[in-house]
Amino acid sequence: GASSDENEAKKVSQELEEFSKKNPSSFITPLAIYRHNQLNQDGAKLEAMFTKLDAPVKKGPIGAYLAKLIEDDKKIPVGKPIADFSQADPNGKMISLSSFKGKYVLVDFWASWCGPCRQENPNVVATYHKFKDKNFTVFGVSLDKAKDKWLEAVKADNLNWLHVSDLQGWQNAVAQQYGITSIPQNFLLDPQGKVVAKNLRGPALEAKLASIIK
């Protein structure tokens with residue numbers, strides 16, 4: 001069954017949603033919607049809640065931020081192909097996303113300095129080993145600036161898949177292209193290069209792969 005954490009998150013989500021419905025004119029409501037989105041990472045739901053806000057609230061600072069999140073979310077549309085990119089691996093060799101066509105690939109945005117990313121890495125590693133012989137791999141895009149720290153983290157966390165970075169931190173060209181404003185973030189592509197799912201964490205990643213890779 002669901003853990004107490006998950007139940008707690010569901011309960012909080014419901015309360016935030018109720019609050020949002022009842023208070024479309026409150027400038028606190030965008031904060032409630034933002035928190036709801038942090039818990040659920042559901043772009044369609046975010047947009048549905050946002051559209052119910054009164055116009056002045058939408059235009060307020062947090063409302064405007066939510067509007068940008070919605071816009072960014074559409075840059076990685078579930079069920080559709082995604083724009084290609086190329087970036088350099090640690091040896092300077094350019095690797096393109098399209099070179100993974102024919103495989104399921106998890107594009108993973110992370111950085112050595114990101115605590116939550118490092119905590120999530122063991123889950124990704126476990127899933128990688130479970131499915132790597134079943135036409136699945138991971139493609140890491142790092143928002144690091146220091147090459148040595150990036151490579152140390154790859155080694156320390158046993159991330160034995162392909163990695164790229166332009167060592168520009170948050171200004172990473174690929175992160176900019178896809179509107180990545182927080183990490184960890186990931187998206188799963190099918191062998192045709194279409195987005196199957198986004199932001200799969202912990203057991204959700206393994207469950208999703210188990211349901212599609214037979």
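No lab work stands behind these numbers, since they all come straight from the coordinates. Small disclaimer: the values here were computed from a predicted structure and weren't measured. Because the Cβ atoms are built from the backbone with ideal geometry, glycine has one as well, and the counts that use them run over all protein chains shown.
When a/c is below 1.5 the answer is rounded, else prolate if a/b is larger than b/c, else oblate, so apply that to the stretch 4-73 with a ≥ b ≥ c taken from the square roots of the Cα gyration tensor eigenvalues. It is oblate, given that a/c is not under 1.5 and a/b is not larger than b/c. When you filter the trypsin sites (Lys or Arg not before Pro) in the stretch 37-138 for DSSP loop state and at most 16 other Cβ atoms inside 10 Å of their Cβ, you are left with 52, 74, 75, 93, 101, 103, 132, 134.
Only beta bridges with both residues in the chain are counted; by DSSP, about 55 percent of them are antiparallel. Computed with the Debye formula from one identical point scatterer per Cα of the stretch 104-157, without solvent, the log10 of I(q)/I(0) at q = 0.25, 0.29 Å⁻¹ comes to -1.01, -1.20. All other residues whose Cβ lies under 15 angstrom from that of residue 87 are scored, Lys and Arg at +1 and Asp and Glu at -1, for a net of -2. Estimated from helical segments only, the mean residue ellipticity of the chain at 222 nm is -14000 deg cm²/dmol, where each DSSP H run of four or more residues counts as -39500 (n - 2.57). Taking Cβ atoms as reference points and 13 Å as the exclusive limit, the residues near residue 15 contribute a net charge of +2, counting Lys and Arg as +1 and Asp and Glu as -1. Using only Cα coordinates, the Kirkwood hydrodynamic radius of the chain works out to 18.4 Å. When the alpha carbon coordinates of the stretch 89-214 are projected onto the principal axes, the ranges are 39, 27, 26 Å, largest first. For the peptides 108-116, 16-24, the ranking by mean Cβ contacts within 10 Å, running from highest to lowest, is 108-116, 16-24.
Only helices at least 24 Å long along their own axis, judged from Cα atoms, and with Kyte-Doolittle mean hydropathy of 0.0 or greater: name those in the chain from DSSP H. Answer set is empty. Length gained on full extension, residue 168 to residue 148, computed as 0.36 nm times the residue gap minus the Cα-Cα distance: 5.8 nm. Shape of the stretch 64-113 from its Cα gyration tensor (a ≥ b ≥ c, root eigenvalues): rounded if a/c is under 1.5, otherwise prolate when a/b > b/c, or oblate? Oblate is the answer for the stretch 64-113, as a/c is 1.5 or above yet b/c matches or exceeds a/b. Here residue 64 and residue 156 are evaluated by their C-beta separation; at R0 = 45 Å the FRET efficiency comes out at 0.70. Each label point was placed 7 Å from the Cα along the Cα-to-Cβ direction; for residue 28 and residue 207 their separation is 3.2 nm.
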